[in-house]
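Here's the structure we're looking at; comments come further down.
Computed from the coordinates by the stated procedures, all read-outs in this text should not be read as laboratory data. If you're wondering where the values come from, they're calculated on a predicted model, not measured in any experiment. Please note: Cβ atoms are built from the backbone with ideal geometry, for glycine as well, and neighbour counts cover all protein chains shown.
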Amino acid sequence: MTEKEKLRETIGKIVDPSNEKSLADNEAIRHLAIDGKSVTLLVGVANENSDEAKKTLRRELAKAIKRDLGYEGLKLDFEPLKKKDSILQKKNVRYIGVASGKGGVGKSTVAANLALALKRLGKKVGIIDADIYGSNMPIIMDMEIRPPKANENEKIIPFNKHGIELISTEFFMEEGKPLMWRGPMLSKMLEHFFYDVDWDEDTEYIIIDLPPGTGDVAIDIQRFIPECRMLIVTTPHPSASRVAVKAGFAAKQLNHSILGVIENMSYLKNNDDILRIFGEGGGKEVADKLNTALVQQIPIGQPESGHHSLFGMKEELGVLYLGLANKLIKAVEKDS
């Protein structure tokens, strides 16, 4: 038994006084990390309004971790113990976060085309547009912007386009109004996306379009998915690749695994000429510094269908996205 497994087993026996069930039975240990002699712990509590329950749990956890197991430090946070019918309770769902260091590198377009490619390969896919301030996934997918409906269980019904379920802050905002939320509000919206959306029972992959950089949302994702698999998107240009490295190291610091790097806008074909408009080598540089693979180079291209962002499966870029999806399926399902 590993150190982490021993710790999880020990604290799993502690009872949440607000529902008289153990933390293990409640599946309440949401995040557990050990750094030397210090423990970081996120625990779900059945009654989030019970200060007495939190006080009791804090005392019992501190006693078990510090006194009984000999750790010196404990960083403990609580969150509501959500229903067991949320997408996070389903064991067969794989989460792929699509991140970048800066905006303007085509991250959302990559996320949308990857989701479409996975669907074409027979996978049941959903998209969470977590790029809260710059949400444009509904636009990329050609969707009408309107408030979502709820089902009889008061869960949000996600929208469906091209056979892909999708939820975005764009559906909750007034048209043309900027989103001016701070950390706690952003976290609350993410809670709705993960806990309160009625995702399809057969969902296999959730693609998460993350905001650029390393702000509140990127950090909060780790609370919901402690070990999300990440793709880092960059262009060949140094201004993008240098910041993309920071996004990759931030993901590693949050204990996410890096699936690889995608170099978008890699080049432009002009008849037989290859034009390196944004330079070259940026994607490989990011991959080398993150000790991962450059999994795909995607050129600049316009969909033959006339669509602004989505490529057909027989188009050159559509084939590249199918290849990327195939690589990710093999990598992700091999590790599952």
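Taking every full run of DSSP H in the chain, none both stretches at least 15 Å from end to end by Cα along its long axis and averages 1.0 or higher on the Kyte-Doolittle scale. The modelled label-to-label distance for the pair residue 35/residue 249, using points 7 Å beyond Cα in the direction of Cβ, is 1.5 nm. In the chain, helical runs assigned H by DSSP with n ≥ 4 each contribute -39500 (n - 2.57); averaged across all residues and rounded to the nearest 500, the mean residue ellipticity at 222 nm is -10000 deg cm²/dmol.
Taking the Cα centre of the range 87-335 as origin, sum charge times position over the Cβ atoms of Lys and Arg (+1) and Asp and Glu (-1), and report the length of that vector in debye to the nearest 20. It comes to approximately 680 debye. Annotation: Cα Rg of the chain relative to the compact-globule expectation 2.2 N^0.38 Å equals 1.06.
Among the listed pairs 75/124; 90/314; 90/155; 21/90, those with a Cα-Cα distance over 26 Å are 75/124; 90/314. In the chain, taking the dipole from charged Cβ atoms about the Cα centre, the farthest positive-side position among 153, 197, 45 is held by 45.
Please build a GNM for the chain, connecting alpha carbons under 10 Å apart, and tell me which residue among 231, 254, 166 fluctuates the most. The residue that fluctuates most here is 254. Close amide H pairs (under 5 Å, H built 1.01 Å from N) link residue 79 with 43, 44, 45, residues at least 5 positions away or on another chain. Charge dipole (Cα centre; +1 on Lys/Arg Cβ, -1 on Asp/Glu Cβ; no other charges) of the range 3-80 amounts to roughly 320 debye.
Please report the antiparallel percentage of DSSP beta bridges with both residues in the range 87-335, rounded to the nearest 5.
On the way: 7 of 37 bridges.
Here the share of antiparallel DSSP bridges comes out near 20 percent.
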